[in-house]
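Working notes for the structure below.
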Amino acid sequence: MKKWTVYVSAIVLGLTLFSGLASAHVTVMPKESVQGAYEKFTVRVPTESDSPTVKVEVRIPPEAEISRVEPKPGWKVEFVKDASGKNTSMIWTAEGPGLSKTEFAEFNMQGKVGDTATSLSWKAYQTAADGSKVEWVGAPDSDKPASVTIVKAKPAGAATDSHGAADSSHSMEPAQDNAKLPLYLSIAAVVLGALSLLVSLSKRKA
């Protein structure tokens, strides 16, 4: 019974550590969209450090256009534009204490996916009250990856919204579930790996 208690404790610890690593990144949802779709993009920002998050900047991919933002109480938002007037970044700055280590926030914005886009890479910069900055700009397998939205071609005969663009609002939930499959598999691998190691150690002691 004692051995099984050790096994269960190790599995729980592995899941906790993995969960913390998986959820700590700045992410942009949805993870999949359709060419030409008008989307609501949600930027999810957790705080990892002891110093609160007080500023978040998200670079808008060239393959997308962001035109609107949902007001966020306690935060002011700024549109950064290029010489042509196109929005290139969104910056949210806390008007209060910001996000503590045990908190996260979601910032919503709306725009259009490019008609020929295949993916959207969202580079994000997270600034803490002590002046430190985390840059989420790396490749998907890096320690600080940029969040990526995969863009699929518009299906033949797909419905369009009032702007004449592909309507992805009813097709995103299955896509998001499929996007979570690698996460589920990774969790299962961690659990099985921990269990196999503990069983092996137990046999050696016996």
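On the basis of being crowded, with 19+ Cβ neighbours inside 10 Å and assigned to a loop (DSSP other than H, G, I, E, B), does Gly36 make the cut?
Details: crowded, with 19+ Cβ neighbours inside 10 Å: yes; assigned to a loop (DSSP other than H, G, I, E, B): yes.
Yes, satisfied.
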Item to check | Pair list, Cβ under 6 Å, 6 or more apart: the range 138-152 residue over 14 Å from Gln126 (Cα atoms) and in contact (Cβ under 8 Å) with a residue 60 or more places away in the chain, other residue of a type in the set (S, T, N, Q) and surrounded by 11 or more Cβ atoms within 10 Å (Cβ to Cβ) | outcome: Val148/Ser119; Val148/Ser121; Thr149/Ser33; Ile150/Ser119; Val151/Ser33; Val151/Gln35; Val151/Thr118; Val151/Ser119
Checklist entry - Where residues in the range 31-66 are modelled with pLDDT under 95 and touching a strand residue (DSSP E or B) at 6+ places or on another chain (Cβ under 6 Å), which of them is nearest to Leu120 (Cα to Cα)? => result Thr47
Checklist entry - So Val80 fits all but one of (1) free of Cβ contacts under 8 Å to residues at least 60 places away in the same chain; (2) among the β-branched types (Val, Ile, Thr); (3) under 28 Å from Ala156 (Cα atoms); what number is the exception? => result (3)
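What do you reckon, is Thr88 touching a residue at least 12 places away in the same chain (Cβ under 8 Å) and either in a strand (DSSP E or B) or in contact with a His (Cβ under 9 Å, 6 or more places away or on another chain) (or both)? Explain how you work it out, then say what you get.
Numbers: touching a residue at least 12 places away in the same chain (Cβ under 8 Å): yes; either in a strand (DSSP E or B) or in contact with a His (Cβ under 9 Å, 6 or more places away or on another chain) (or both): yes.
When the stated conditions are applied, Thr88 passes them.
Take Lys72 and decide whether it is surrounded by 14 or more Cβ atoms within 10 Å (Cβ to Cβ) and farther than 17 Å from Glu39 by Cβ. It would help to see each step written out before you state the result.
Working: surrounded by 14 or more Cβ atoms within 10 Å (Cβ to Cβ): yes; farther than 17 Å from Glu39 by Cβ: yes.
When the stated conditions are applied, Lys72 passes them.
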Next on the checklist: I'd like the residue in the range 96-141 that is polar (S, T, N, Q) and not in a strand (DSSP E or B) and, out of all such residues, is farthest from the chain's Cα centre (by Cα).
Outcome noted: Thr116
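Could you tell me how many of the residues in the range 59-85 are in a loop (DSSP other than H, G, I, E, B), polar (S, T, N, Q) and closer than 13 Å to Met109 by Cβ?
Total meeting the criteria: 0.
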Next on the checklist: Kindly evaluate Ser49 against the criterion of being farther than 21 Å from Val137 by Cα and either of a type outside the set (Val, Ile, Thr) or without any contact (Cβ under 8 Å) to a residue 60 or more places away in the chain (or both).
Outcome noted: no
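The values are calculated or read from the model by the stated rules, or taken from the named source; none is laboratory data. None of the values given here were measured: they were computed from a predicted structure. With ideal geometry, Cβ positions are generated from the backbone for all residues, glycine too; neighbour counts draw on all protein chains shown.
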